[in-house]
Each structure stands twice: as structure tokens, then as C-alpha cells.
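> Take this structure first; my questions come after.
The values are calculated or read from the model by the stated rules, or taken from the named source; none is laboratory data. The structure presented is a predicted model; accordingly, all values stated were derived computationally and were not measured. Using ideal geometry, Cβ is built from the backbone for each residue, glycine included, and neighbour counts are taken over all protein chains shown. For accessibility, only protein heavy atoms count, side chains too; no ligands or nucleic acids. Shrake-Rupley method; radii C 1.70, N 1.55, O 1.52, S 1.80 Å.
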Amino acid sequence: MGDDSEWLKLPTDEKCQHKAWKARVAGYEEAGKLFLGLDEKSQEFSRYAGLIKKFVLDSNAVAQEKGLDAVQAFLENAPTNICGRVCSDIVNGIVAKCLNASKQKTKEKGIEIIMLFIEAEKPDVVQECLMAGMENKQPKIVVGCIQATTIALRDFGTKIVQVKPLLKLLPKLLEDRDKTVRDETKALVIELYRWIGAALKPQMTNFKPIQVQELEAEFEKLPQEKAHQTRFMRSQQDLKAKLEEQVAAGTGGGDQDQVDGADDDDAIDPYELMPSVNVLAELPKNFYEQIEAKKWQERKEALDAVLKLSESPKIENGDYSQLVRVLLKVIAKDTNVMLVALAGKILAGIAKGLRKKFQPYATTCVSTLLEKFKEKKTNVVAALREAIDACYEATNLEAIMEDVVAALDNKNPSIKAETAIFLARCFAKCTPATLPKKMLKAYVTPLLKTANEPDQNVREGSFEALGVAMKVVSEKNIAPFLTDVDNIKMQKIQEWSQKAVLLNAKGEPRTKGSAAPPAAKTAAAPAQKAEEEPKPVKKPAGVKPGGPPGPAAGKPK
């Protein structure tokens, strides 16, 4: 009793550091009560920040549990900046000393503290610690880290938990000698699929066929409803409140699709998960010399080497000005049409692989490609179409207006016709907001002029473009610019408007072209379709993302 009376008189912080475990238990309990009663601005949080890291490391199981309770109280009440200061040390301590604990309660409390750190705006630090733990030699720690990650993903979603870093670890974890590690990894993969759906499929090429088969069977069992965030960071309290209001009002059951910042706006794009290829670093050393060779066979050899690189779905950013300049020179001036088509395919591949990062080169490319539409060979036209469509994804109608209007005034009918149907494809990706009245007028004026051309292909291309524009902005809004159009032409425009298929305007790569081209242009269509088939992975039929996590993704075992 004498020993007890000695430490009972000590202040709370000293009890927490006492060599007697009973003293530490008392200290942790007192500290927990203290934290619960403090104002966020209290200096006590700063005073305990250095000490609280040790609470989770207590060697006595009873004391450790009380220490975890105190840490939880600390995190629920401390300001965000103080939580951030202690995050790495505490999470690493939990990984090392709690996730492998024999007592289930200790493990559960440790995982809850990890979730509280995510709430306190530190998901990146938490994920880094958990991923490091997944490479630990102790299977129990690995299992705990996977379970904690699965729970974090289930509750907070892919806006908070970063998917891409996890993908690199999955193949190794699925091959682990420990069955529980493998099972929990499968549960994590299923939870990933619940959030990102078919975007996960390309990443599964590194899994064994039997694993893919087992996982796909589990995917099919998932309900179709979309995954939604159920736990929120401190900065997301407005979103949380809106969702709770919806639930209370019974309007959509808390469907985040109706709330600002909802899931649809941030759907995972397979492109973002792909590794990027450094095309510039892998160019043949003699490429720029060989591309200037007099023999077309040597020039073709140089282009063939780059073609393979350009087919990479995701390309690393860099200075592509010299490579683009060389490709445009081939397209514009090479007398061998096979090489022109090849350069067009390469340019398309680079534009698709860079996406918006191709923007510095896009306008120049559009200008050159429009001029080259004088070429009539179907394989060349198909390659040029693919290239100009890919370039357009990195720019906009305003930036290319001068070149497009000039091409519509070109003397060559083929250039006029292809420019018009290119515009139709561009309009199909517009919304009324991205095709305002001023821009609409700027394009409608030259298209009305080409609609009177003697060449049928030029006329039909113009009607198509005007029809798609009508579909985008509505007949009422385009009508003021069509006052001088006779009934026959107006009927043509309206027909194209009815046939037009409008694509979304969110900036993803698209495989659809414009509405069915006129008969005279369909000769190029089969070639175009063949060129366009190797695209980034599409969502396969029958996939049913959404639904609750599997059994292993629930409470830690």
C-alpha cells in the first residue's frame, strides 16, 4: 500500500510514465478524462503531445488498453495541427504493438485510432505507415495493416484513400505464404472493386489466373448500388451534414450523387492507375538522323520503333516539341503515304497518352492535319482523323477557330469536307456552356457558306456539323443564325440533328466518332474503326460494382 500511496500523489503526466503499471493505468485514465474536458485551444494538448506517443507502446496489456482509450480521447478533442504532429509516431506504434496484439479489443482500439487520424486530415501519413506495415515480416502485423486499410477504404472511400500506391503491393500480398494475409488481401481487392469497378481490371493482369477467377466470382456477388463515403474528415463536415439532412428528409437515402463533391465527379479513371512510359528516354539514339534518311525503308524503321512506344496508354510528360515537329514534317511533306499514315498514328498515340499535357502542341498539329486532308487514300484519312481527334482532346474550339475557319475556306473540297465532319465530332463533345452564342456564330457562318458548295461531300459535312451544333444548343438557340437557310437545307440540318449522338464533356478519351458520315465518306470509316480499336480498357459487360464489403473487410480478426 505504501508504494500505491507514493504514486497516487503524483501529477497525471508523471503517473503516465511511472514504472508501476498500476500507476500508468491510473495516469492514462486521468489523462483521458482531462482530454475530454479540454477546450480545443488548451495548451494541455501541446504539453501531452510528446508524451502521448508512448501510451500505445505500453508493455503491459491492461495499461496499453487504457493508454489507447486516452489517445482516442486526445484525438477526438485536440486541434488538427496537434493531431498531425503526433500522427506518424502513434500510427507506427499501433502498427508495431497493437495490430499484432493477442487481445482483439486492443487491435480494434488501435484501428479506431488510425481512423481518427484520417478524420484529423492525415490520410496520407496513415496510408504510408500502413503500407510500410504491409511489408513487415510478422504476418499478424501485415494482416492488421491490410484490415485497417480495407476499413479505411470502406468508410472514407477513394477520395481519401489513395488507390494507386496500393496496387503495387497487391500481387506480392496475394502470393504471401500466410493464408490469412492472402485472404485479407482478397478482401481489400474486393473493396477496391466496390469503389472503382472496372478501372481495377487492367491492374489485375499481374495476378495469377486462378486469383483473377476467384476475385471475379466475388465481384459478381456484389450488389449493384454504388459505394458511398460513410465517415468524414473534419474538413468534410458540410458534406456530412448535407447527407444527414437528405437521410432525415428521406430524399434519396443520403445519395452522394446529389451533393457537391459527390462520387461521380471523382470517379477513378483507369488512366490514373496506369504506369507511365517515358517515350523520350526510350527513343532510338539515331531516331532524328534516321527519320531524315533518303530511303523510305529507313524512315519507316525509325517510325516503327516510335510507334510501339506511342501505343502506351499513359505517357510520361516532357518536352515533346522536337518529336512532334518531326512527325508533323513527315505528315506534311513525306511523299510516301504509308509513312504519312504511320506518323499520324504515332501522333495520335502520343496525344492520347499525354492527354491534356499535349496542349502545347495541339493547335499546331490541328493546323497541319487539316491541311493534309487533301490526301484521299482511306488509310491515310483514317490515321489523320484519329490524330486530329486525339489532338482536339488537349485543346478547345476557341483555340483552333482560326485554323478551322481557314480550312473551311480552302479551295480543296476534301479539306473542306473533312474539316466540317471534324467540327461535327468536336461539337458532339460540347455542351451549351462550351458552345456559347459568340463561338456558335463564328462557326455557323462559314459552315453555311460551305453548305452551298457544289461538292456533295462538303455540303453533307456542313449539314452534319450544323445538325450536331443544333442538337447541342437546341434549335431555338441556333435559329437566329439560320434565317437565310431554305427549307430543303433546313430539313437536312434537322435530320442530322436527330441522328446526332452527343458525348459527355468531361474530358475522357472517347472512341465514338460523329454521327454516320455521308455515303461518299464511308469509304474511310472501316479503316478508321480499325485504327481506333486498341483503346484504353472499356468497362466490361456484366460487371456489378457497388455493395457492402465482404466478410473479411469488416471488423478485424
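> Checking the structure you have, find out if any residue of region 423-433 is open to solvent by 10 Å² or more (accessible area, probe 1.4 Å) and more than 21 Å from E393 (Cα to Cα).
no
> I would also like to ask the following. When you go through I421, I415, I388 one by one, which is the residue that is in a helix (DSSP H, G or I), within 30 Å of E311 (Cα to Cα) and either in contact (Cβ under 8 Å) with a residue 60 or more places away in the chain or touching a strand residue (DSSP E or B) at 6+ places or on another chain (Cβ under 6 Å) (or both)?
On the way: I415 fails: either in contact (Cβ under 8 Å) with a residue 60 or more places away in the chain or touching a strand residue (DSSP E or B) at 6+ places or on another chain (Cβ under 6 Å) (or both); I388 fails: either in contact (Cβ under 8 Å) with a residue 60 or more places away in the chain or touching a strand residue (DSSP E or B) at 6+ places or on another chain (Cβ under 6 Å) (or both).
Residue meeting the stated conditions: I421.
> Same structure again: Give, as residue ranges, the helices (runs of 4 or more DSSP H) completely inside region 270-326 that count at least 2 residues that are of a type outside the set (A, V, I, L, M, F, W, C), at pLDDT 95 or above and on the phi > 0 side of the Ramachandran plot.
Details: elements: 270-273, 279-282, 287-290, 296-310.
Passing ranges: none, list empty.
> Turning to a different aspect of this structure: Taking A132 as the residue in question, decide whether it is open to solvent by 20 Å² or more (accessible area, probe 1.4 Å) and of a type in the set (A, V, I, L, M, F, W, C). Reasoning before the result, please.
Details: open to solvent by 20 Å² or more (accessible area, probe 1.4 Å): yes; of a type in the set (A, V, I, L, M, F, W, C): yes.
In short, yes.
> Among the residues that make up region 89-99, is at least one of them touching a Leu at 6+ places or on another chain (Cβ under 7 Å) and closer than 22 Å to Q237 by Cα?
Within region 89-99, not a single residue is touching a Leu at 6+ places or on another chain (Cβ under 7 Å) and closer than 22 Å to Q237 by Cα.
> Here's another thing I want to ask about it. Do we have S102 as open to solvent by 40 Å² or more (accessible area, probe 1.4 Å), within 29 Å of E184 (Cβ to Cβ) and polar (S, T, N, Q) here? Can you show your working first?
Details: open to solvent by 40 Å² or more (accessible area, probe 1.4 Å): yes; within 29 Å of E184 (Cβ to Cβ): yes; polar (S, T, N, Q): yes.
Considered against the rule, which asks whether it is open to solvent by 40 Å² or more (accessible area, probe 1.4 Å), within 29 Å of E184 (Cβ to Cβ) and polar (S, T, N, Q), S102 comes out as yes.
> Check whether at least one residue in region 198-219 is open to solvent by 40 Å² or more (accessible area, probe 1.4 Å), in a loop (DSSP other than H, G, I, E, B) and either farther than 30 Å from N77 by Cβ or hydroxyl-bearing (S, T, Y) (or both), and report yes or no.
For region 198-219, residues open to solvent by 40 Å² or more (accessible area, probe 1.4 Å), in a loop (DSSP other than H, G, I, E, B) and either farther than 30 Å from N77 by Cβ or hydroxyl-bearing (S, T, Y) (or both): present.
> I'd like to verify a number: residues in region 83-92 that are of a type outside the set (S, T, Y) and surrounded by fewer than 20 Cβ atoms within 10 Å (Cβ to Cβ), how many?
Total meeting the criteria: 4.
> Follow-up. Return yes when K41 is out of contact with any Gly (no Cβ under 8 Å at 6 or more places or on another chain) and of a type in the set (D, E, K, R) and no when it is not. Spell out how you get there, then give the answer.
On the way: out of contact with any Gly (no Cβ under 8 Å at 6 or more places or on another chain): yes; of a type in the set (D, E, K, R): yes.
Criteria met by K41.
> Going by the structure shown, is G144 open to solvent by less than 50 Å² (accessible area, probe 1.4 Å), in a helix (DSSP H, G or I) and at positive phi?
In short, no.
Here's the yes/no breakdown for (1) β-branched (V, I, T); (2) without any contact (Cβ under 8 Å) to a residue 40 or more places away in the chain; (3) in contact with a Lys or Arg (Cβ under 7 Å, 6 or more places away or on another chain); (4) within 27 Å of D124 (Cα to Cα):
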site: L169; (1), (2), (3), (4): no, yes, no, yes
site: E175; (1), (2), (3), (4): no, yes, no, yes
site: K186; (1), (2), (3), (4): no, no, no, yes
site: I190; (1), (2), (3), (4): yes, no, no, yes
site: K201; (1), (2), (3), (4): no, no, no, yes
site: N206; (1), (2), (3), (4): no, yes, no, yes
site: R231; (1), (2), (3), (4): no, no, no, yes
site: D238; (1), (2), (3), (4): no, yes, no, yes
site: A249; (1), (2), (3), (4): no, yes, no, no
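> If you don't mind, another one. If you check L8, L38, which single one turns out to be open to solvent by 50 Å² or more (accessible area, probe 1.4 Å), out of contact with any strand residue (DSSP E or B) (no Cβ under 8 Å at 6 or more places or on another chain) and among the hydrophobic types (A, V, I, L, M, F, W, C)?
Numbers: L38 fails: open to solvent by 50 Å² or more (accessible area, probe 1.4 Å).
Only one candidate qualifies: L8.
> Six or more apart or on different chains, Cβ under 6 Å: which pairs go from a residue in region 296-312 that's more than 14 Å from V326 (Cα to Cα) to one that's of a type in the set (D, E, K, R) and open to solvent by 80 Å² or more (accessible area, probe 1.4 Å)? Could you list them?
L309/E282
> Something else: In this structure, does R24 turn out to be crowded, with 23+ Cβ neighbours inside 10 Å, more than 16 Å from K122 (Cα to Cα) and of a type in the set (K, R)?
It is true that R24 is crowded, with 23+ Cβ neighbours inside 10 Å, more than 16 Å from K122 (Cα to Cα) and of a type in the set (K, R).
> Follow-up. Quick one: count up the residues across region 372-385 that are surrounded by fewer than 19 Cβ atoms within 10 Å (Cβ to Cβ) and either in a helix (DSSP H, G or I) or touching a His at 6+ places or on another chain (Cβ under 6 Å) (or both). Walk me through it before giving the result.
Let us first name the residues in region 372-385 that are surrounded by fewer than 19 Cβ atoms within 10 Å (Cβ to Cβ), namely 374, 376-378.
Cutting the leftovers down to either in a helix (DSSP H, G or I) or touching a His at 6+ places or on another chain (Cβ under 6 Å) (or both) gives us 378.
Within region 372-385, residues that are surrounded by fewer than 19 Cβ atoms within 10 Å (Cβ to Cβ) and either in a helix (DSSP H, G or I) or touching a His at 6+ places or on another chain (Cβ under 6 Å) (or both) number 1.
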